[in-house]
Amino acid sequence: MAKTYSKNKPFFTYRAIIEPDEGNTFHAYIPALPGCHTWGGSIPEARKHLREAALLYLVSLVEDKKRVPQEEGFEFVETFSADEVKSA
């Protein structure tokens, strides 16, 4: 069944970070949700676990009538050529 989205309901969008960890696993976390960390044996598995963890995190905030954090960070990727690195 496809999800139906309404313009009247808010969306929560967060940056998710997945990094290689020890033992061929991947550490996944959402910086805007303190303590929301998980892991997986592959990137897709870490992403799946992170989505589950974040959803539970958000549900518990709403149930406890606590403020749901908004993403405040800004992230981008910067590329440097080998020539730039040599001449710096």
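Things to note:
- Close contacts from region 7-23, counting a first residue that is under 18 Å from R51 (Cβ atoms) and a second that is β-branched (V, I, T) and open to solvent by 70 Å² or more (accessible area, probe 1.4 Å), with Cβ to Cβ under 9 Å and a gap of 6+ residues or different chains, come to I18/I43.
- Among the residues listed as N24, N8, the single one being out of contact with any Lys or Arg (no Cβ under 6 Å at 6 or more places or on another chain), among the polar types (S, T, N, Q) and at negative phi: N8
- Of all residues in region 49-82, those satisfying the criterion of being farther than 16 Å from E19 by Cβ and among the charged types (D, E, K, R) are R51, E52, E63, D64, K65, K66, R67, E71, E72, E78.
- Hits in region 52-88 (condition: touching a strand residue (DSSP E or B) at 6+ places or on another chain (Cβ under 9 Å), open to solvent by 50 Å² or more (accessible area, probe 1.4 Å) and modelled with pLDDT of 90 or more): E52
- Beta carbons closer than 8 Å, at least 6 apart along the sequence or on distinct chains, pair a first residue in region 32-44 that is within 19 Å of F74 (Cα to Cα) with a second that is of a type in the set (D, E, K, R) for A32/R15; A32/E71; A32/E72.
- Of all residues in region 59-85, those that are without any contact (Cβ under 8 Å) to a residue 60 or more places away in the chain and of a type outside the set (A, V, I, L, M) have Cβ atoms under 7 Å from Cβ atoms of residues that are open to solvent by 100 Å² or more (accessible area, probe 1.4 Å) and outside any helix (DSSP H, G or I), 6 or more apart or on another chain, in E71/T13.
The values are calculated or read from the model by the stated rules, or taken from the named source; none is laboratory data. Worth saying up front: this structure is predicted, and the values here are computed from it rather than measured. Note that each Cβ is placed from the backbone with ideal geometry, even for glycine, and that neighbours are counted across all protein chains shown. These accessible areas exclude ligands, DNA and RNA; they are computed on the full protein's heavy atoms, side chains included. Shrake-Rupley method; radii C 1.70, N 1.55, O 1.52, S 1.80 Å.
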